[in-house]
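Contents: one structure, followed by commentary.
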Amino acid sequence: MKPLLMGTNLKMYKTAAQTQDYLAALQTLTQDLRSDVTLFVIPSYPALERASNTVKDKAILLGAQNMHPEEQGQFTGEVSPLMLQELNLDIVEIGHSERRHVFHETDEQENRKVLSALDHGFTALLCVGETAEQKASGISDEVLAMQLKIGLSGVKPEQADHIWVAYEPVWAIGVNGVPASADYVRERHASIRRVLTQLFPALEIPVLYGGSVNPQNAEELIVQPNVDGLFTGRAAWEAEKFNALIRQVLPLWQRKQS
Ligand code: PGA
């Protein structure tokens with residue numbers, strides 16, 4: 001049975017000390033779930049070192065929220081793959097909606113980061129999602145196909161098993177987000193799956209859903225075909241609540257697999 005993927009991006013929340021407390025609690029609470037759930041947390045850069053000292057035996061996989069594609073250079077304020085390699089991380093998150101829409105990153109930039117992350121041994125978690133305007137224009141699937149085809153361009157088939165995709169509609173994310181309906185998520189995940197199968201026919205790249213996931217909608221989301229896990233923001237930022245959410249969806253995930 002495939003493990004359920006459950007993760008959270010802490011965004012610009014939690015100091016290093018708060019991240020340490022959170023991870024220590026989450027690690028203890030989820031101890032019995034190791035073989036059933038692949039759990040990951042993506043803290044802020046300054047919290048990464050403490051985070052990796054807190055987590056034992058990869059009980060929780062850790063990731064960075066962003067990465068510059070070059071190993072070093074005149075890029076003030078950026079963090080390189082070599083710097084992240086020293087921190088014992090597994091994942092680099094690339095193209096989160098806030099990177100694309102607040103910091104104006106392009107698909108071509110996300111692509112360079114994906115290729116560099118893979119070359120440096122990380123799992124590249126590529127986030128894709130359409131804006132409210134694109135949805136209203138009926139071009140969601142075209143936008144997703146473009147983000148995937150450009151974002152994953154040049155990925156060697158032998159590296160593609162280190163790709164995860166998160167579908168995060170921009171209009172569904174954050175405090176002002178409107179949760180996506182399960183029907184809408186099913187349709188978009190089917191369309192993402194078609195593109196990924198076209199790109200990498202031999203692989204089943206995991207596709208997570210994210211955007212206002214909460215205890216009210218998590219069950220109907222996880223049972224949808226082609227939803228391999230949930231990528232949660234606010235609803236996962238207290239260890240007890242995240243643990244409860246994981247336990248809420250795990251039986252449904254397991255039933256879907258059987
Ligand atoms: P949210 O964040 O669950 O708080 O909407 C999701 C995300 O940005 O990944």
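The values are calculated or read from the model by the stated rules, or taken from the named source; none is laboratory data. Owing to the predicted nature of the structure, the values given are computational and were not obtained by experimental measurement. Positions of Cβ are backbone-derived with ideal geometry, glycine not excepted, and every protein chain shown enters the neighbour counts. Accessible surface is based on the protein model in full, side chains and every heavy atom, while ligands, DNA and RNA are left aside. Shrake-Rupley method; radii C 1.70, N 1.55, O 1.52, S 1.80 Å.
Some notes on this structure:
- The number of residues in region 90-109 that are assigned to a helix (DSSP H, G or I) and within 15 Å of the ligand (Cβ to nearest atom) comes to 5.
- Residue in region 62-84 that is polar (S, T, N, Q), within 16 Å of the ligand (Cβ to nearest atom) and in contact with a Pro (Cβ under 9 Å, 6 or more places away or on another chain) present: yes
- For SER44, the conditions (1) within 18 Å of the chain's Cα centre (by Cα); (2) of a type outside the set (A, V, I, L, M, F, W, C); (3) open to solvent by 10 Å² or more (accessible area, probe 1.4 Å); (4) closer than 26 Å to ALA160 by Cβ all hold with the exception of (4).
- Among the residues making up region 22-33, a single one is loosely packed, with under 15 Cβ neighbours inside 10 Å and either modelled with pLDDT under 95 or of a type in the set (Ser, Thr, Tyr) (or both): THR28.
- Subset of region 135-164 [more than 17 Å from GLN109 (Cα to Cα) and in contact with a Leu (Cβ under 7 Å, 6 or more places away or on another chain)]: GLN159, ALA160, ASP161, HIS162, TRP164
- Only one entry in GLN109, GLN85, GLN134, GLN74 is modelled with pLDDT of 95 or more and under 23 Å from VAL178 (Cβ atoms), namely GLN134.
- Which numbered condition GLU240 misses (of (1) within 17 Å of ASN9 (Cα to Cα); (2) in contact with a Pro (Cβ under 9 Å, 6 or more places away or on another chain); (3) more than 16 Å from the ligand (Cβ to nearest atom); (4) of a type outside the set (A, V, I, L, M)): (2)
- Within region 67-84, the set of residues being within 17 Å of GLU105 (Cβ to Cβ) and either among the acidic types (Asp, Glu) or buried (at least 19 other Cβ atoms within 10 Å of the Cβ) (or both) comprises MET67, HIS68, PRO69, GLU70, GLU78, PRO81.
- Every test in (1) free of Cβ contacts under 8 Å to residues at least 40 places away in the same chain; (2) open to solvent by less than 70 Å² (accessible area, probe 1.4 Å); (3) assigned to a helix (DSSP H, G or I) is passed by LEU87 save one, and that test is (3).
- LYS58 being surrounded by fewer than 18 Cβ atoms within 10 Å (Cβ to Cβ), touching a residue at least 60 places away in the same chain (Cβ under 8 Å) and either under 18 Å from the mean Cα position of the chain (by Cα) or in a helix (DSSP H, G or I) (or both): no
- Among the residues of region 156-163, not a single one is aliphatic (A, V, I, L, M), away from the ligand (no atom under 16 Å from the Cβ), modelled with pLDDT of 95 or more and over 18 Å from LEU125 (Cβ atoms).
- Contacts under 7 angstrom Cβ, first residue in region 161-184 being among the charged types (D, E, K, R), partner open to solvent by less than 30 Å² (accessible area, probe 1.4 Å) and within 15 Å of the ligand (Cβ to nearest atom), 6 or more apart: GLU168/SER97; GLU168/CYS127; GLU168/GLY129; GLU168/GLY210; GLU168/GLY211; GLU168/PHE231
- Pairs where the first residue, in region 102-130, is open to solvent by 10 Å² or more (accessible area, probe 1.4 Å) and the second is hydroxyl-bearing (Ser, Thr, Tyr), C-beta under 6 Å, 6+ apart: ASN111/SER153
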